[in-house]
Amino acid sequence: MKIEIKSSSVKNGNHYYEYTYRRVEFSMSKYDSVLSTVKIVLADLNGSTGGGDDKQCKVIALLPGYQEVVITEKQSDMIKAIDRAMHRVTYTIQQRLKRRHRLSQRGCPSRSGSL
């Protein structure tokens, strides 16, 4: 599994890079055999103006034979955004794999483009 992390206008970018990398490795290790790439984009949408939920974590998980999984999470804190996005993407991948398994058990043909 290849991990790509990009951050734009995020203070303490190195800290968040390291945290995100460890979080992805931990969360996605179970799916290492089915994931080709996980891309993460961290952004501070409001920059220094502050206010509201302006920290964003976008996760794009590429699973060969499936549509890509794209999750965007906005929070007031970057760590919260990263954690919530990773939870959501892990859950979504798990559900897609379960669905494919159920379909294969029924003898249904694989519809890899629609999962």
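The values are calculated or read from the model by the stated rules, or taken from the named source; none is laboratory data. Everything quoted here is computed from the prediction, not taken from an experiment. Cβ coordinates were reconstructed from backbone atoms using ideal geometry, including for glycine residues, and neighbour counts include every protein chain displayed. All accessible areas refer to the heavy atoms of the entire protein, side chains included, with ligands and DNA or RNA removed. Shrake-Rupley method; radii C 1.70, N 1.55, O 1.52, S 1.80 Å.
Summary of values
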item	result
Rg to Rh, two decimals, where the range 1-95 supplies the alpha carbon set and Rh follows Kirkwood	0.98
Accessible area in square angstrom per residue, the range 27-92, 1.4 angstrom probe	47
In sequence order, calculated HN-Hα J values of the range 54-67 (Karplus, 6.51, -1.76, 1.60; Hz; x Gly/Pro)	10, 9, 10, 10, 10, 10, 10, 10, 9, 10, x, x, 10, 5
Among 66-75, 38-47, 6-15, 90-99, the order from most to least packed when residues are scored by Cβ within 10 Å on average	38-47, 66-75, 90-99, 6-15
Anisotropy class of the range 2-52 from Cα gyration tensor, a/c 1.5 cut	prolate
